[in-house]
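*Asks:* Sharing a structure with you now.
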Amino acid sequence: IVGVDGEIEHAAALIHPRFGAPVRGALGDATEIIPSTKKMGGPGATLAVPLTSKHSIWEFDHMDAAEICLPDAPHAGEIVVILALGIGGRPLKRIKPD
(Lines give C-alpha, C1' and ligand atoms only; values in the text may rest on other atoms or scores of the structure.)
Protein backbone atom coordinates (compact mmCIF):
# COMPACT_ATOMS: atom_id res chain seq x y z
CA ILE A 1 0.00 0.00 0.00
CA VAL A 2 1.58 3.27 -1.13
CA GLY A 3 0.92 6.43 0.87
CA VAL A 4 -0.71 9.33 -0.96
CA ASP A 5 2.62 11.10 -1.59
CA GLY A 6 3.99 8.08 -3.46
CA GLU A 7 3.26 6.29 -6.71
CA ILE A 8 2.06 2.76 -7.45
CA GLU A 9 5.24 2.24 -9.46
CA HIS A 10 7.27 2.73 -6.26
CA ALA A 11 5.61 -0.37 -4.79
CA ALA A 12 6.11 -2.33 -8.01
CA ALA A 13 9.82 -1.43 -7.95
CA LEU A 14 10.13 -2.84 -4.42
CA ILE A 15 8.02 -5.95 -4.87
CA HIS A 16 9.02 -7.40 -8.21
CA PRO A 17 12.81 -7.08 -8.55
CA ARG A 18 13.79 -6.93 -4.87
CA PHE A 19 11.23 -8.89 -2.85
CA GLY A 20 10.04 -11.85 -4.93
CA ALA A 21 13.30 -13.74 -5.51
CA PRO A 22 14.45 -13.64 -1.84
CA VAL A 23 11.02 -14.82 -0.65
CA ARG A 24 10.98 -17.67 -3.18
CA GLY A 25 14.51 -18.57 -2.07
CA ALA A 26 13.47 -18.63 1.60
CA LEU A 27 10.60 -20.99 0.75
CA GLY A 28 13.06 -23.44 -0.77
CA ASP A 29 11.14 -25.35 -3.41
CA ALA A 30 8.83 -22.56 -4.61
CA THR A 31 8.69 -22.48 -8.41
CA GLU A 32 5.77 -20.20 -9.24
CA ILE A 33 5.46 -16.43 -9.38
CA ILE A 34 4.32 -14.68 -6.25
CA PRO A 35 0.98 -13.01 -7.00
CA SER A 36 0.80 -9.41 -5.92
CA THR A 37 -1.41 -6.38 -5.85
CA LYS A 38 -0.67 -2.72 -5.31
CA LYS A 39 -2.77 0.28 -4.38
CA MET A 40 -2.58 3.77 -2.93
CA GLY A 41 -4.17 4.54 0.40
CA GLY A 42 -3.80 6.09 3.79
CA PRO A 43 -3.94 4.76 7.33
CA GLY A 44 -6.65 2.10 7.61
CA ALA A 45 -6.59 1.17 3.93
CA THR A 46 -7.32 -2.50 3.28
CA LEU A 47 -5.56 -4.76 0.82
CA ALA A 48 -6.68 -8.18 -0.41
CA VAL A 49 -3.43 -10.13 -0.80
CA PRO A 50 -3.81 -12.96 -3.35
CA LEU A 51 -2.71 -16.45 -2.33
CA THR A 52 -1.77 -19.33 -4.64
CA SER A 53 0.23 -22.53 -4.46
CA LYS A 54 4.01 -22.20 -4.53
CA HIS A 55 4.17 -25.23 -6.86
CA SER A 56 1.43 -24.46 -9.41
CA ILE A 57 -0.44 -21.21 -9.84
CA TRP A 58 -3.31 -23.27 -11.34
CA GLU A 59 -4.10 -25.30 -8.20
CA PHE A 60 -7.66 -24.06 -7.71
CA ASP A 61 -7.80 -25.26 -4.09
CA HIS A 62 -5.06 -22.79 -3.19
CA MET A 63 -6.55 -19.71 -4.91
CA ASP A 64 -7.62 -17.41 -2.10
CA ALA A 65 -6.88 -14.03 -0.54
CA ALA A 66 -6.01 -12.60 2.85
CA GLU A 67 -7.49 -9.19 3.61
CA ILE A 68 -5.09 -6.96 5.55
CA CYS A 69 -5.78 -3.63 7.27
CA LEU A 70 -3.26 -1.52 9.16
CA PRO A 71 -5.09 1.15 11.18
CA ASP A 72 -2.02 3.40 11.49
CA ALA A 73 -0.26 2.97 8.13
CA PRO A 74 0.74 3.95 5.56
CA HIS A 75 1.29 7.63 6.17
CA ALA A 76 1.66 9.92 3.16
CA GLY A 77 5.36 9.20 2.52
CA GLU A 78 5.37 5.51 3.47
CA ILE A 79 5.03 2.22 1.63
CA VAL A 80 3.71 -0.91 3.36
CA VAL A 81 4.89 -4.25 1.94
CA ILE A 82 2.81 -7.21 3.11
CA LEU A 83 3.67 -10.89 2.82
CA ALA A 84 0.85 -13.40 3.35
CA LEU A 85 1.54 -17.15 3.32
CA GLY A 86 -0.74 -20.14 3.77
CA ILE A 87 0.00 -23.71 4.75
CA GLY A 88 -2.52 -25.35 2.44
CA GLY A 89 -5.59 -24.86 0.32
CA ARG A 90 -8.95 -23.43 1.33
CA PRO A 91 -10.99 -25.40 3.85
CA LEU A 92 -14.00 -27.21 2.34
CA LYS A 93 -12.72 -26.68 -1.19
CA ARG A 94 -15.01 -27.97 -3.95
CA ILE A 95 -13.71 -26.61 -7.26
CA LYS A 96 -12.54 -29.32 -9.63
CA PRO A 97 -10.56 -28.70 -12.84
CA ASP A 98 -12.40 -29.49 -16.08
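*Asks:* Would you be able to say whether some residue in segment 45-53 is in a loop (DSSP other than H, G, I, E, B), within 15 Å of I1 (Cβ to Cβ) and modelled with pLDDT of 95 or more?
*Replies:* yes
*Asks:* Could you look through segment 57-84, keep only residues that are outside any loop (DSSP other than H, G, I, E, B) and among the β-branched types (V, I, T), and pick out the one that is nearest to A11 (Cα to Cα)?
*Replies:* I79
*Asks:* Hey, can you tell me all the residues within segment 1-30 that are out of contact with any helix residue (DSSP H, G or I) (no Cβ under 8 Å at 6 or more places or on another chain) and not in a helix (DSSP H, G or I)?
*Replies:* Once the filter is applied, which keeps residues that are out of contact with any helix residue (DSSP H, G or I) (no Cβ under 8 Å at 6 or more places or on another chain) and not in a helix (DSSP H, G or I), segment 1-30 yields G3, V4, D5, G6, E7, G28, D29.
*Asks:* Here is a further query. Would you be able to say whether some residue in segment 49-62 is among the hydrophobic types (A, V, I, L, M, F, W, C) and in contact with a Gly (Cβ under 9 Å, 6 or more places away or on another chain)?
*Replies:* There is at least one residue in segment 49-62 that is among the hydrophobic types (A, V, I, L, M, F, W, C) and in contact with a Gly (Cβ under 9 Å, 6 or more places away or on another chain).
*Asks:* Next question, about the same structure. For G41, work out the one condition from (1) surrounded by 14 or more Cβ atoms within 10 Å (Cβ to Cβ); (2) closer than 20 Å to P17 by Cβ it doesn't fulfil.
*Replies:* The single condition G41 does not satisfy is (2).
*Asks:* Looking at I68, is it crowded, with 16+ Cβ neighbours inside 10 Å, at pLDDT 95 or above and among the β-branched types (V, I, T)?
*Replies:* no
The values are calculated or read from the model by the stated rules, or taken from the named source; none is laboratory data. Remember, it's a predicted structure, so these values are computed and weren't measured experimentally. Here Cβ is always computed from backbone atoms with ideal geometry, including for glycine, and neighbour counts include all displayed protein chains.
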